[in-house]
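Encoded as structure tokens, the structure appears first; notes follow it.
The values are calculated or read from the model by the stated rules, or taken from the named source; none is laboratory data. Values in this document were obtained by computation on a predicted structure and should not be read as measured data. Neighbour counts run over all protein chains shown; Cβ positions are idealised from the backbone, glycine included.
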Amino acid sequence: QKKKVMLVSADVYRPAAIKQLEQVAGQVNAKFVNSTVEEDPIEIAKRAIEEAKIQYQDILIIDTAGRLAIDEAMMNEIKALTAAVNPSETLFVVDAMTGQDAANTAKAFNDALPLTGVILTKTDGDARGGAALSVRAITGKPIKFLGRGEQLDALEAFHPERIAQRILGMGDVLSLVEEVEQKIDRDKAEKMAKKMQKGGDFDLEDLLTQFQQMKSMGGMAGFLDKMPGMGGSDMQKAVEDAKPEEKVREMEALINSMTPFERKNPDKINPSRKRRIAAGSGREIQDVNRLLKQHKQMAKMMKMISKPEGISKMMKSMQGLMGGGGAAGGGGPLFGGGSAKGQGGMKNVNQAEMAKQMGLDPNNMPSAEDMQKQMADMQNQMPKGFKKRF
């Protein structure tokens, strides 16, 4: 909103808190008021208000020390601080991972202070958001923000309908679209799209860019959490257990150990180059070979989807794999059904077992038509400008 913001720490009980907030202020280009552990929190807040007026700041955020509702002395301090500065907003920050305790703690603070809202943190953990419903119901105060990670951009505005969709496993497409709009480097994305449309090769430099874009959106697990049917699914858990971020870091190290020529021409990477790349990244030659194989597979996929009919071809392939069948009917070649030529598909394949291996519910397998409809719904939910650009 282009507001001028100033930060001050009134946490005099933890010396590192003041330094940490100063670092945060520097990262977001906000003004910072120095304070010391010897000062009184109320005096710090009053001095910061005067400083904000002198520097014509629009907003002053006072960060107070964490405290337990049963600590009478600390609760009296926060009451006195609130009375002294008369804030326009008093936000209570609560850990979503504490479950029902989060709601009970919020109630205790709401009874003691004129809370105007709640910030729910650690919502990227196993908790699906039930704490959000409890906190709202017990305090009657709105949840204003969700914390979904440790980075500064992991704080997002709270939208009730979106968290409800996540709790029900329906994904959160609008938040995903907004995240893409905010975090994806549009120039790089358009440059790559034009390159692919002109028949250009998807090289290792492009792969590195893709890794960086995915990391900016919270990684693969964060991406799946917002996809319909994926949040909290076996597939998402499998992705998290596989620790893809670690593997991405390893592959980034390999690519960063390559010369510009090698990144642009992966097919020219001979055994001696592989040894040098492996040594430079602290990895093994097998890791280099694995990266090159994965890149080759991704390059084929990128070439396919860059063509006008690419997406429809992929959907038809999925229909055949997921049970669309062919002229002779059946469950699709992947699950042993008929192929387009009327021949039998893979023999002795148990569809339910295959579904489990893929992390899907064997009793709730989506049809290709359902998947196509879901993709169409996702597109319809996108902002108008977003659809035009992509």
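Numbers for the structure displayed
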item	result
Residue count for region 71-107, restricted to those that are assigned to a helix (DSSP H, G or I) and within 30 Å of the chain's Cα centre (by Cα)	11
The listed residue being of a type in the set (Asp, Glu) and surrounded by 15 or more Cβ atoms within 10 Å (Cβ to Cβ), out of GLU77, GLU89, GLU72	GLU77
Residue identified as modelled with pLDDT under 90, under 32 Å from the mean Cα position of the chain (by Cα) and not assigned by TED's automatic domain parsing to the domain that holds ASP153 among LEU21, LEU60, LEU68, LEU120	LEU68
Tabulated pairs, region 88-100, first without any contact (Cβ under 8 Å) to a residue 24 or more places away in the chain, second surrounded by 17 or more Cβ atoms within 10 Å (Cβ to Cβ), C-beta under 9 angstrom, 6+ apart or interchain	none
Residue match in region 217-228 (condition: modelled with pLDDT under 75, in contact with a Phe, Trp or Tyr (Cβ under 8 Å, 6 or more places away or on another chain) and either surrounded by 14 or more Cβ atoms within 10 Å (Cβ to Cβ) or not small (Gly, Ala, Ser) (or both))	yes
From the options PRO142, PRO160, residue that is of a type outside the set (Gly, Ala, Ser) and at pLDDT 80 or above	PRO142
Odd one out for SER35 among (1) touching a helix residue (DSSP H, G or I) at 6+ places or on another chain (Cβ under 8 Å); (2) farther than 26 Å from GLN151 by Cα; (3) in a loop (DSSP other than H, G, I, E, B)	(2)
Residues of region 108-119 satisfying the condition of being in a loop (DSSP other than H, G, I, E, B) and either hydrophobic (A, V, I, L, M, F, W, C) or touching an Asp or Glu at 6+ places or on another chain (Cβ under 8 Å) (or both)	LEU113, LEU115, THR116
All positions within region 19-62 that are under 12 Å from SER9 (Cα atoms) and of a type in the set (Phe, Trp, Tyr)	PHE32
Scan of region 43-65 for residues that are crowded, with 17+ Cβ neighbours inside 10 Å and over 17 Å from LEU21 (Cβ atoms), ordered by number	none
